[in-house]
Amino acid sequence: MAFEPFEHKEYSAEESVARSAQFREELSGRRSIRHFSRRAVPVEVVENVVMTASSSPSGANMQPWTFVIVKDPKIKRDIRIAAEKEEKEFYTHRAPDEWLADLNQFGTDWHKPFLETAPYLIVVFKINYDLLVSPAGVKTVPRQGFMVIHRPIIKESCPCRKTF
Ligand SMILES: Cc1cc2nc3c(=O)[nH]c(=O)nc-3n(C[C@H](O)[C@H](O)[C@H](O)COP(=O)(O)O)c2cc1C
């Protein structure tokens, strides 16, 4: 997302109190969800979520991430298998007993069926390199210093605009 300068809006004290209370109310309902319905969700909802996340601050607006929206059951299954392999290692060998004791309250373990149940998965990739687009073509370059490449996310032309 291209850098956009801040636009200041003035609010009265009352409005500021009301808006901040509404914002607190809204965010106080946020929870980590570990059980999902299979019910279909309009992809626009997921795109709005990704667009919101991709407006996060990043050093020099480098946006070192790529979001991929996954819908394909086979790919969701592959992700589940890979995640469960890691989680099983974590729960059986890596996690100290104290950490496992702290996790008890959530009833979590290495099984992650929700990775197949949820209608969409949003996979976030950290970018360790950049695509350099030039008349000579596209090539990958390791991320160096403050090289900013503005590329839209989920716009028609964007190479990552594919729903798997
Ligand atoms: C860095 C980080 C790692 C987390 N790892 C896990 C995890 O492996 N499994 C899990 O079920 N929840 C995980 N959580 C979710 C936390 O358990 C959850 O944020 C915390 O219990 C507060 O609950 P809430 O998000 O519903 O307010 C993680 C949260 C953060 C910020």
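Looking at this structure, is residue 53 open to solvent by less than 90 Å² (accessible area, probe 1.4 Å), in contact with a strand residue (DSSP E or B) (Cβ under 8 Å, 6 or more places away or on another chain), within 16 Å of the ligand (Cβ to nearest atom) and not aromatic (Phe, Trp, Tyr)? Spell out the reasoning first.
Details: open to solvent by less than 90 Å² (accessible area, probe 1.4 Å): yes; in contact with a strand residue (DSSP E or B) (Cβ under 8 Å, 6 or more places away or on another chain): yes; within 16 Å of the ligand (Cβ to nearest atom): yes; not aromatic (Phe, Trp, Tyr): yes.
The answer is yes for residue 53.
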- Message: The conditions are (1) part of a helix (DSSP H, G or I); (2) under 27 Å from residue 106 (Cα atoms); (3) small (Gly, Ala, Ser), and residue 32 fails exactly one of them. Which is it?
- Response: (1)
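Could you tell me which residue of the range 56-78 is nearest to the chain's Cα centre (by Cα), considering only residues that are open to solvent by less than 80 Å² (accessible area, probe 1.4 Å) and without any contact (Cβ under 8 Å) to a residue 12 or more places away in the chain? Steps first, answer last, please.
Applying the first criterion (open to solvent by less than 80 Å² (accessible area, probe 1.4 Å)) to the range 56-78 yields 56, 58-70, 72, 75-76, 78.
Filter again for without any contact (Cβ under 8 Å) to a residue 12 or more places away in the chain, leaving 56, 58-59, 78.
Numbers: 56: 10, 58: 14, 59: 17, 78: 18 Å.
Ranking the qualifying residues of the range 56-78, first place goes to 56.
Answer yes if at least one residue in the range 119-132 is of a type in the set (A, V, I, L, M) and modelled with pLDDT under 75, and no otherwise.
Checked against the condition, which is being of a type in the set (A, V, I, L, M) and modelled with pLDDT under 75, the range 119-132 yields at least one hit.
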- For the range 69-84, does any single residue satisfy the condition of being assigned to a loop (DSSP other than H, G, I, E, B) and within 24 Å of residue 126 (Cα to Cα)? yes
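The values are calculated or read from the model by the stated rules, or taken from the named source; none is laboratory data. Computed from a predicted model, the values in this text were never measured in an experiment. Neighbour counts run over all protein chains shown; Cβ positions are idealised from the backbone, glycine included. These accessible areas exclude ligands, DNA and RNA; they are computed on the full protein's heavy atoms, side chains included. Shrake-Rupley method; radii C 1.70, N 1.55, O 1.52, S 1.80 Å.
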